[in-house]
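**Q** Attaching a single structure in structure tokens format; questions to follow.
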Amino acid sequence: MRKPLKITLWTVGVVVALPVLALTTTSIVNVVATKSDLAAITPYGELVPVDGKQMNVVVSGTGDETIVLLPGLGTAAPGLDFEPLIAELDDTHRVIAVEPFGTGLSDQTDSPRTAANIAAEVHEALQQLGVDRYVLMGHSIAGIYALEYSELYPDELVAFVGIDSSVPDQPGWDDPVPTDGLSELRTLGLLRVLSAIGGDTYAGMPYDEDTKEQMRFLTTKNSTAPTLLDEMDRTPENFASVSGQTFPSTLPVLLFVVQDDSDVDGWLELHEDQAASVDHGEVVPLDGEHYLHHTQSRQIARDTDELLTSLSVR
């Protein structure tokens, strides 16, 4: 007959101590690695003054039309993330990728991340560059900010081009974005561990190794910083601020949409309704994932060129 298992105080101490030791180790490693990551960030783009701070923008190419790129929520380095699309557009257009506060090399800010504040800050950055007529092209949540933008500055917009852009009142719009504990997980080094386990998230995409490394460094810098966390927390508020809103009827709208999106019911139909609300609206379904500009930049650029050509001869 086996003897009963005796759980001693020593055993309990070991059980408790091992996780604490592991977390202490990952925390220390994270502090050292984070310092190294931040020191290895290579500047790109140019800084412009906005609201007493510095906002980074990447300007590339020349042409009669200017296209302004706005990122989706949580994109840590927009100027680098948009590189495949910039490369397709900047042969014939001036392209400006704006890195809103809390992303890329732009400053952090205490200003609430409301759609109105974000739109006003982007506008101020463009004013600093002397840009007052342009196509607004936005990914994901930028579709919500673009609605606010089109209400504030309608006379400056040539068109809106959406890259799987969010739409008002889409299913789940009022669900809070879970941010609780993210900062703590970063401090403990657990996000770094999970990232290492997950492997190369940019595998097979048109980025060189240096760019992928810089995007990882900037993810370390921005992904759990207060500015981005505030923007995430305000997502339901920002959706609510444009509930039922449409673009101005005279603003041409071109929407690139994931063709078979299983995450949001009626995703394609929602965009077809949005396109139908303006005089010149078009939806282009594409195969791929949410970040369509990672894999479909060539068609996005080609169809955007066709839209602008059609507008110039009207």
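The values are calculated or read from the model by the stated rules, or taken from the named source; none is laboratory data. Just so we're clear, the structure is a prediction, and the values are computed from it rather than from any experiment. Every residue, glycine among them, receives a Cβ derived from its backbone with ideal geometry; neighbour counts consider all protein chains shown. Calculation scope for accessible area: heavy atoms of the full protein, side chains included, ligands and nucleic acids excluded. Shrake-Rupley method; radii C 1.70, N 1.55, O 1.52, S 1.80 Å.
**Q** For the structure I just gave you, tell me whether Arg234 is touching a Lys or Arg at 6+ places or on another chain (Cβ under 7 Å) and either modelled with pLDDT of 95 or more or under 24 Å from Gly63 (Cα atoms) (or both).
**A** So Arg234 fits the description; yes.
**Q** Considering the range 47-60 alone, what residues qualify as being in contact with a strand residue (DSSP E or B) (Cβ under 7 Å, 6 or more places away or on another chain), over 18 Å from Thr211 (Cβ atoms) and either open to solvent by 30 Å² or more (accessible area, probe 1.4 Å) or among the β-branched types (Val, Ile, Thr) (or both)?
**A** Those that are in contact with a strand residue (DSSP E or B) (Cβ under 7 Å, 6 or more places away or on another chain), over 18 Å from Thr211 (Cβ atoms) and either open to solvent by 30 Å² or more (accessible area, probe 1.4 Å) or among the β-branched types (Val, Ile, Thr) (or both): Leu47, Val48, Gln54.
**Q** Here is a further query. The conditions are (1) surrounded by 24 or more Cβ atoms within 10 Å (Cβ to Cβ); (2) closer than 19 Å to Ala119 by Cβ, and Thr66 fails exactly one of them. Which is it?
**A** So the condition that Thr66 fails would be (1).
**Q** Take Thr103 and decide whether it is under 26 Å from Arg216 (Cα atoms), touching a Lys or Arg at 6+ places or on another chain (Cβ under 7 Å) and crowded, with 20+ Cβ neighbours inside 10 Å.
**A** For Thr103, the condition - under 26 Å from Arg216 (Cα atoms), touching a Lys or Arg at 6+ places or on another chain (Cβ under 7 Å) and crowded, with 20+ Cβ neighbours inside 10 Å - is not met.
**Q** Still on this model: Step by step: first the residues of the range 296-314, then only those that are outside any helix (DSSP H, G or I) and modelled with pLDDT under 95, then the one that is most open to solvent (accessible area, probe 1.4 Å). Which residue is that?
**A** So the residue we want is Arg314.
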